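Okay, structure first, notes after.
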Amino acid sequence: MARVTVTEPVSTSAVTGRRGPARWQLIPLAFYLLAFALVRADLVGGSAADLSLQLYFSAMVMYVGGMFFYFAFFAYRQEALRWLGVALVAPGALIHLGAIVARGFADSHYPLANMYEYSSMLALVAVTVFLLMTVRWPVASLGGGVALFVVVALMGIGYGLYQSPEPLVPALQSYWLKIHVTSMMASSGILVSSFVFAGLYLLKDRSTNIKSWLHGSAIAARLPSLETLDRLTFRAILLGFPIWTFGTMAGAIWGEHAWGRWWGWDPKETWAAITWIVYAIYLHAHTLRLWRGRRTALIATAGFVSIMITLYAVNLWIVGLHSYARGAG
């Protein structure tokens, strides 16, 4: 009897797995070229302010590219997509840092004196915190949402509040600018990341309770577990809360130097205290097992709202001692 040889069909995924990366790598290259084209003219000459702004836009381009790959990783769970997201977001963060440094040279002072500069630094901190978290925890699938929030909410709003470089107003001419505002900015970036995890916790929790909601929970099923999201929210707040506390205390000391009083119930001071109280309540509630979960996620969300009021609403719409030049004091 003649032997029949059965040839096993070649897997389509195996073929695309060998050929796919070469094609996928062309997409990040396109974003690299676009980012380079934005700053090419300024590399030859031009002011530091122009260079800073072009680097700012270049970082946004890199973040947008990384956002698409992170969303693709969320959908398809292919490791190559995650690395391509990192390959765009990490260099984007370095370009973003270059924009902040160039802005400092244009200002001839520490670049944290107005809302544009504050929003830019806040966005960079949020991106850096996320990249560091991906090293320790499996949260890369959330990168698309983080990048979208950074580009639209922080960098978009920041550019809308753009101010040309200018000398510091007298109230900001103090070494406490670096201490107070840097600590508030760093803590804000960390606490903002906690909101992302808390918001996704609420999303996943709701989808498990209402099966017909969110397309049969298909999207929520790809999110990390509720336990993981709760743990990440807690750890981010546990890190950001002491820094916020230190920044608030440094602000009181600065206030005593500038205005002769430690605390005056200025709107910015009041909302900073409210934010501190909200996160203190969160940390206490998280120690109570009956409160841990959905309730603490709601408290963390309230803390984020309070931060946005403290950083933006108070400076832009409420008159007070911190309203000068849309400052970030």
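Computed values, structure above
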quantity: Rg ratio (alpha-carbon, reference 2.2 N^0.38 Å) - region 21-167; calculated: 1.05
quantity: Mean Cβ neighbour count within 10 Å, used as a protection proxy, ranking 257-264, 191-198, 222-229, 149-156 highest first; calculated: 191-198, 149-156, 222-229, 257-264
quantity: Percent breakdown of C-alpha pair distances by 10 Å bin, ordered from the shortest bin, for region 169-329; calculated: 11, 36, 27, 16, 8, 2
quantity: Approximate spin-label separation LEU29-LEU239, in nm, with each point projected 7 Å along Cα-to-Cβ; calculated: 3.5 nm
quantity: Dipole of region 169-329, positive end: most advanced residue of TRP263, ALA250, LEU311 [Cβ charges, Cα centre]; calculated: LEU311
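Read-outs throughout are calculated quantities, based only on the coordinates presented, and are distinct from any laboratory measurement. For clarity, every value in this text was computed on a predicted model and none was experimentally measured. Here the Cβ is made from the backbone with ideal geometry for all residues, glycine too, and neighbour counts use every protein chain on show.
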